[in-house]
1. Quick one: which residues, 5 or more positions from L149 or on another chain, have an amide H under 5 Å from its amide H? H modelled 1.01 Å from N in the peptide plane, none for Pro or chain starts.
2. Dipole magnitude of the chain about its Cα centre, charges +1 at Lys/Arg Cβ and -1 at Asp/Glu Cβ only, in debye to the nearest 20?
3. Can you find, among F145, H121, S176, the residue farthest towards the positive end of the dipole of the stretch 120-182? Put +1 on the C-beta of Lys and Arg, -1 on that of Asp and Glu.
4. Using amide H atoms built 1.01 Å from N in the peptide plane, name the residues 5+ places from L257, or on other chains, whose amide H lies under 5 Å from its own.
5. Where the only charges are on Cβ atoms (+1 Lys, Arg; -1 Asp, Glu), what is the dipole of the stretch 170-305 about its Cα centre, to the nearest 20 debye?
6. Express in nm, to one decimal, how much length is gained between Q73 and T214 on full extension, taking 0.36 nm for each residue of separation and deducting their alpha carbon distance.
7. Please find, in a Gaussian network model of the chain (springs between Cα atoms separated by less than 10 Å), the residue of D168, D293, D254 whose mean-square fluctuation is greatest.
8. Label the chain by shape, choosing from rounded, prolate and oblate, from the square roots a ≥ b ≥ c of the eigenvalues of the Cα gyration tensor; if a/c is under 1.5 it is rounded, and otherwise prolate applies when a/b is larger than b/c, oblate when it is not.
Amino acid sequence: MAELISHRLIEVFRAVMSTGNVTEAARLLHSSQPTLSRELARLEQLLGYALFARSKGRLQPSARALLLYEEVQRSYQGLDAVVGLARELAAGERGSLSVLSLPALTQALLPAACARLLAQHPGAQLAITPQESPLLEAWLSAQRFDLGLTEHIEAPPGTRVQPLLVADEVCVLPASHPLASRSVLAPADFAAQPFISLSAQDPYRAQLDQVFATAGVQRALCLETHSAVAVCAMVAEGVGLSIVNPLSAAACADPRLVLRRFSVSIPYRVGLVLPEHRPANPLRDALTAALRDSADAVLARLAAL
């Protein structure tokens with residue numbers, strides 16, 4: 001029997017039960033009343049019993065029909081769930097996205113973007129992994145992540161890079177420091193000042209050292225660390241002054257720590273790394289748009305310095 005009963009016949013039965021009559025069921029299924037009547041009669045023939053009592057042109061479902069309808073509804077609810085999930089996946093409302101990012105960008109740029117994405121796609125799941133170079137580039141080349149955030153403009157093998165943000169490094173100093181009264185600081189302002197540096201391996205540290213060497217300015221180097229966030233925390237405690245990337249500085253600014261422009265331009269660049277051999281993921285485009293909004297918000301804040 002099961003081999004002879006088609007999905008079409010079950011669909012006709014469900015439509016008749018849900019609408020209460022063949023005329024409305026035919027309209028629902030974009031068919032004709034005679035066609036549905038024949039199909040309903042065919043279903044009853046295959047089942048071997050009547051599903052409806054016919055009285056004065058009206059259909060009254062039998063007890064068997066009511067029990068069968070309950071099971072049909074449960075089956076269709078499962079199908080509706082499958083269709084609903086398929087639609088959500090097409091719209092990027094479900095699914096997962098893996099992101100590999102430099103730690104500084106994980107703390108300074110991703111939180112607002114992730115909040116925006118999850119507000120737009122509540123069913124989405126994000127996996128954020130912080131990692132330093134060169135492992136970051138190696139993992140992106142291996143196609144292990146859907147999206148990467150880096151300070152490098154060169155694309156690792158098997159990827160392409162889209163520029164996300166370019167902004168100058170900024171000065172950070174305690175709010176109570178006398179130099180906080182100025183809007184722009186020059187290299188000479190740092191002469192003999194306690195200075196907190198990034199590690200010697202950091203490329204921006206090398207650029208800064210060259211700027212001060214060219215200007216003939218001696219700073220009082222008192223502490224160094226790998227993290228711009230740690231630098232800002234030290235500055236907020238009054239340990240010294242520093243110059244760091246604008247994203248970390250903006251994220252760490254509070255009543256104890258202020259940002260000021262530096263008279264020498266040291267561009268800080270952030271790029272989106274897109275692996276070229278990963279399956280298409282609609283959430284990647286959504287997060288990319290959210291990251292661009294976050295970058296624009298930071299740039300607007302920096303422009304007000």
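1. L100, S101, L102, V273
2. Working: 26 positive and 27 negative charges, 248 e Å.
The calculation lands at about 1200 debye.
3. Most positive-ward Cα: H121.
4. The answer is A175.
5. Values: 11 positive and 10 negative charges, 37 e Å.
That gives a dipole near 180 debye.
6. Values: separation 141, 0.36 × 141 = 50.76 nm, distance 7.89 nm.
Between Q73 and T214, full extension yields 42.9 nm more.
7. Fluctuation is largest for D254.
8. Values: a/c = 4.91, a/b = 3.64, b/c = 1.35.
It comes out prolate by the Cα gyration axes.
The values are calculated or read from the model by the stated rules, or taken from the named source; none is laboratory data. Not measured: the values here are computed from a predicted model. Here Cβ is always computed from backbone atoms with ideal geometry, including for glycine, and neighbour counts include all displayed protein chains. Heads up: the accessible areas ignore ligands, DNA and RNA and are worked out on the full protein's heavy atoms, side chains in. Shrake-Rupley method; radii C 1.70, N 1.55, O 1.52, S 1.80 Å.
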